[in-house]
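J.: Attaching a single structure in structure tokens format; questions to follow.
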Amino acid sequence: MKNKAYIFSWIAQLIAVVIMGQTLFFKFTGHPETIAIFEEKLNMPGGQYVIGIAELIACILLLIPTSVAYGALLGAGLMTGAIIGHITHIGWEGNHLTLGIMAIITLVSCISVLIIRRSELPFIKSALKEQ
Amino acid sequence: MIGKLSIDLHKLAKFTNLAIPILAILFFVAGLKVSFYFHFLTVTFLFLTIINFFYLKVQTTHSVLRNFGVLGQGRYMLESIGPELRQYLFANDTEEKPFNRTERAEVYRKAKNIDSASSFGSQFEFDSSEIKIRHSMFPISKDKLIPYRLTFGEERGVANSYTITKPFMISAMSYGALGERAVRSFARGAKMAGIPMNTGEGGYPKYHLDEGCDLIFQMGTAKFGVRNEDGTLNDDKLQELAQKDSIKMVEIKFSQGAKPGKGGLLPKEKITDEIAELRGVPKDRDVISPSSHAECKDIESTVAFIDHVQKATELPVGIKLCVGRPQQFEELVLEMKRQNVFPDWITVDGAEGGTGAAPKAFIDRVGMPLFPALKSVNDILAKNEVRNRLKLLASGKLVAPGRQMVAFCLGADAIYSARGFMLSLGCIQALQCGNNTCPVGITTHDPVLQHGINIDAKAPRIANYVHNLEHDLEELLASAGCRSVKELTFDHLFVPSESTLYPFIQSN
Ligand SMILES: Cc1cc2nc3c(=O)[nH]c(=O)nc-3n(C[C@H](O)[C@H](O)[C@H](O)COP(=O)(O)O)c2cc1C
Ligand code: SF4
């Protein structure tokens with residue numbers, strides 16, 4: 001049972017890493033569409049680097065066995081932000097729809113990881129301790 | 001002063017729990033209107049809101065979190081870095097009072113059923129005043145132990161004698177000192193554990209009876225629940241209670257260790273309409289019980305009163321007292337012999353005993369500590385050849401197996417504890433039992449604070465605690481080479497010269 005949960009967790013981790021990872025390429029190379037989103041829609045010039053670095057950290061943490069839960073937490077936070085962005089500023093038309101759905105999939109993956117590995121989070125661990 | 005602080009803490013927690021979602025919304029608006037960067041904060045507070053909801057509404061195992069939410073988490077955070085902080089900055093593990101961290105941790109572990117093996121070595125002092133138990137070079141195997149059984153009332157041949165099969169009982173704590181949920185948790189836990197619970201001097205035991213565990217009805221000096229207007233005993237009311245199935249025995253309280261020579265005290269903060277009704281007292285001032293029973297003016301009338309209650313209830317009847325002068329106790333025993341009236345048991349409460357509320361000077365300075373008191377009582381009974389006429393119970397910080405063994409060696413037949421069970425229920429020793437502000441909801445009537453206790457989640461902890469105490473006791477007995485607690489004697493103790501028991505070594 002426990003093992004199955006961990007296999008599931010690793011699958012979810014990989015999904016999150018692949019989705020976040022491939023967008024990094026566009027973010028760090030300054031792809032015009034990415035820049036358009038960050039500068040025009042979100043009004044955060046250079047924001048692609050801030051978010052990109054945070055996502056890179058999340059990906060790395062998600063791959064190191066001892067820090068998976070932290071990576072999932074960071075990833076979930078970033079994706080919640082991304083989804084807020086889609087709802088309030090970016091919208092869901094055309095290519096934006098694909099990006100938005102990717103964010104949702106990543107969020108779901110990260111939350112699954114968090115639920116499976118909830119006992120690895122600091123502080124929450126002591127609070128969750130059954131009995 | 002301390003009371004104020006805690007009310008503020010509770011308000012602060014309420015404020016925080018409200019502020020977190022509001023901040024999440026505010027930051028969301030700021031992210032919308034000012035800069036998208038605000039959404040970093042939006043997301044953070046959104047997550048905090050979710051965690052907080054989980055703590056407050058979903059989980060049931062942690063009272064502090066149920067009542068305080070993420071702010072209560074501060075306690076767990078501090079606890080996790082506590083050993084370091086304490087070691088370098090504050091008190092060490094064996095310094096806190098009344099129960100140091102080592103003692104409390106042992107109870108918590110037993111209640112939560114966590115293995116309590118520890119490593120490397122003891123934190124106690126070895127060269128000074130600690131009493132130790134002498135083991136045998138030839139420990140016996142645990143299957144040689146004789147199962148524990150103690151029958152109250154057998155000496156008098158009471159028809160309704162009562163037998164316990166575990167040497168632990170929940171000591172008197174009144175509904176009044178305790179809140180409803182705490183009473184129910186104790187009672188339900190006692191039932192699960194198969195031990196009896198003392199009702200305390202809180203009057204008619206309404207919630208205790210609801211839960212259906214075995215009860216020892218306590219009659220305090222004010223006789224709440226069974227009194228006439230003038231404070232004397234109302235036989236009819238007592239008989240009516242004694243006929244209830246759950247009520248197995250009656251304990252007459254003469255005094256208690258935390259306030260010997262003084263009556264009970266219930267601060268007016270803690271008097272609700274219901275408590276006023278169950279006790280038959282006014283609501284608007286502290287309820288102070290008289291310091292002695294109206295019927296007991298001297299030793300002769302005291303013994304006669306015991307006889308009267310035994311005849312009226314037809315149940316085993318014991319007395320509870322804290323010893324002041326052993327000589328005075330001996331006079332009482334001589335009078336019992338003269339009238340040939342013996343209580344079915346005597347509870348010796350040590351001066352270190354706990355209380356919901358008592359004057360500080362009494363808590364700190366009045367009465368003999370348990371060990372010398374218990375030893376004196378046992379010796380006096382033996383000297384007068386009446387030790388076999390009654391049972392001896394002991395209470396006073398007997399929350400862990402070590403001190404319990406000492407009490408058995410000094411003559412106790414069974415152990416009473418109040419605070420051991422409170423700790424099992426999650427008491428964090430905040431020492432606010434008298435202010436109605438207990439942060440974990442045990443000694444309070446505030447429904448908001450009581451919400452911290454989930455009865456179904458907490459009752460098993462009482463049972464776990466009893467079960468693990470029993471286990472440790474068996475191991476200790478086997479190591480001492482004794483088959484039952486009856487075989488333990490004073491000789492099983494190693495008593496250093498600094499100890500309060502040392503004079504007894506010399507006189508033996
Ligand atoms: C909250 C609280 C309420 C108590 N109420 C009573 C009481 O009503 N009658 C009584 O005789 N003793 C009362 N006691 C004293 C206990 O029954 C017991 O004698 C004492 O606390 C020693 O046991 P302990 O060290 O295991 O707590 C109370 C103790 C506490 C902590
Ligand atoms: S937590 Fe504090 S106030 Fe509550 S029962 Fe324990 S000592 Fe008393």
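The values are calculated or read from the model by the stated rules, or taken from the named source; none is laboratory data. Quick caveat, the model's predicted, so the values are computed rather than measured. Every residue, glycine as well, gets a Cβ built from its backbone with ideal geometry; the counts of neighbours run over all protein chains shown.
J.: Where in the stretch B:201-295 are there helices (runs of 4 or more DSSP H), lying fully within it, with 1 or more residues that are farther than 21 Å from residue B:319 by Cα and out of contact with any helix residue (DSSP H, G or I) (no Cβ under 8 Å at 6 or more places or on another chain)?
T.: Counting at least 1 such residues, we get B:206-211, B:273-279.
J.: Tell me, which residue of the stretch B:116-168 that is closer than 28 Å to residue B:428 by Cβ and among the aromatic types (Phe, Trp, Tyr) is surrounded by the most Cβ atoms within 10 Å (Cβ to Cβ)?
T.: B:168
J.: Output the residues belonging to the stretch B:403-428 that are within 11 Å of ligand 1 (Cβ to nearest atom) and assigned to a strand (DSSP E or B).
T.: Once the filter is applied, which keeps residues that are within 11 Å of ligand 1 (Cβ to nearest atom) and assigned to a strand (DSSP E or B), the stretch B:403-428 yields B:415, B:416, B:417.
J.: Please enumerate the residues belonging to the stretch B:392-420 that are touching a Phe, Trp or Tyr at 6+ places or on another chain (Cβ under 6 Å) and closer than 28 Å to residue B:288 by Cβ.
T.: Within the stretch B:392-420, B:393, B:395 meet the criteria.
J.: May I pose another question? Evaluate the stretch B:370-382: report whether one residue or more is in a loop (DSSP other than H, G, I, E, B) and aliphatic (A, V, I, L, M).
T.: For the stretch B:370-382, residues in a loop (DSSP other than H, G, I, E, B) and aliphatic (A, V, I, L, M): absent.
Rundown of residues vs (1) more than 48 Å from the chain's Cα centre (by Cα); (2) farther than 30 Å from residue B:423 by Cα; (3) away from chain A (no Cβ under 11 Å), yes/no style:
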| site | (1), (2), (3) |
| --- | --- |
| B:28 | yes, yes, no |
| B:32 | yes, yes, no |
| B:35 | yes, yes, no |
| B:41 | no, yes, no |
| B:52 | no, no, yes |
| B:61 | no, no, no |
| B:65 | no, no, no |
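J.: Just the residues that are over 16 Å from the mean Cα position of the chain (by Cα) and surrounded by fewer than 16 Cβ atoms within 10 Å (Cβ to Cβ), please, taken from the stretch B:96-115.
T.: B:113, B:114, B:115, listed by residue number.
J.: Check whether at least one residue in the stretch B:374-392 is more than 14 Å from every other protein chain (Cβ to nearest Cβ), in contact with a Lys or Arg (Cβ under 7 Å, 6 or more places away or on another chain) and within 13 Å of ligand 1 (Cβ to nearest atom), and report yes or no.
T.: no
J.: Taking the condition of being hydrophobic (A, V, I, L, M, F, W, C) and touching a Phe, Trp or Tyr at 6+ places or on another chain (Cβ under 7 Å), how many residues in the stretch B:194-213 meet it?
T.: 2
J.: Here is a follow-up. Among the residues of the stretch B:459-497, write down those that are in contact (Cβ under 8 Å) with a residue 12 or more places away in the chain and among the small types (Gly, Ala, Ser).
T.: Correct list: B:459, B:463, B:478, B:479, B:480, B:481, B:484.
J.: If residue B:390 meets every condition in (1) within 24 Å of residue B:96 (Cβ to Cβ); (2) crowded, with 19+ Cβ neighbours inside 10 Å apart from one, which number is that one?
T.: Failing condition for residue B:390: (1).
J.: Right, another one. Quick test for you: out of B:258, B:193, pick the one residue that is buried (at least 24 other Cβ atoms within 10 Å of the Cβ), away from ligand 1 (no atom under 14 Å from the Cβ) and among the small types (Gly, Ala, Ser).
T.: Unique residue meeting the criteria: B:193.
J.: Among A:104, A:35, A:90, A:51, which is the only one that is away from chain B (no Cβ under 14 Å), closer than 23 Å to residue B:46 by Cα and of a type in the set (A, V, I, L, M)?
T.: A:104
J.: Of these, B:151, B:165, which one is in contact (Cβ under 8 Å) with a residue 24 or more places away in the chain and in contact with a strand residue (DSSP E or B) (Cβ under 9 Å, 6 or more places away or on another chain)?
T.: After applying the criteria, what remains is B:165.
J.: Only one of these is of a type in the set (Gly, Ala, Ser) and over 23 Å from residue B:374 (Cβ atoms): B:312, B:258. Name it.
T.: Unique residue meeting the criteria: B:312.
J.: Which is modelled with pLDDT of 95 or more, within 14 Å of chain B (Cβ to nearest Cβ) and in a helix (DSSP H, G or I), of A:58, A:16?
T.: Answer to the selection: A:58.
J.: Regarding the stretch B:447-455, can at least one residue be identified that is closer than 21 Å to residue B:59 by Cα, within 14 Å of chain A (Cβ to nearest Cβ), within 16 Å of ligand 1 (Cβ to nearest atom) and among the hydrophobic types (A, V, I, L, M, F, W, C)?
T.: No, the stretch B:447-455 has no match at all.
J.: Please go through the stretch B:244-268 and pick out each residue that is of a type in the set (A, V, I, L, M, F, W, C) and more than 12 Å from residue B:321 (Cβ to Cβ).
T.: Passing the criteria: B:247, B:249, B:250, B:258, B:265, B:266.
J.: What tally of residues in the stretch B:296-308 results from selecting those that are in a helix (DSSP H, G or I) and either buried (at least 19 other Cβ atoms within 10 Å of the Cβ) or within 16 Å of ligand 1 (Cβ to nearest atom) (or both)?
T.: Adding up the residues that qualify gives 4.
J.: List pairs: first in the stretch B:418-443 and over 19 Å from residue B:459 (Cα atoms), second more than 6 Å from ligand 2 (Cβ to nearest atom) and part of a helix (DSSP H, G or I), Cβ under 6 Å, 6+ apart or cross-chain?
T.: Short answer, once both residue conditions are applied: B:432/B:6; B:435/B:3; B:436/B:269; B:436/B:270; B:437/B:3; B:437/B:6; B:437/B:7.
J.: Does the stretch B:47-64 hold any residues that are surrounded by 19 or more Cβ atoms within 10 Å (Cβ to Cβ) and either farther than 24 Å from residue A:74 by Cα or at pLDDT 95 or above (or both), and which are they?
T.: B:62, B:63, B:64
J.: Being part of a helix (DSSP H, G or I) and not polar (S, T, N, Q), is that true of even one residue in the stretch B:429-446?
T.: So far as the stretch B:429-446 goes, no, none of its residues is part of a helix (DSSP H, G or I) and not polar (S, T, N, Q).
J.: Follow-up. Would you confirm whether any residue within the stretch B:324-337 is of a type outside the set (Lys, Arg), touching a residue at least 60 places away in the same chain (Cβ under 8 Å) and not in a strand (DSSP E or B)?
T.: Within the stretch B:324-337 (the criterion being of a type outside the set (Lys, Arg), touching a residue at least 60 places away in the same chain (Cβ under 8 Å) and not in a strand (DSSP E or B)), the answer is yes, since at least one residue qualifies.
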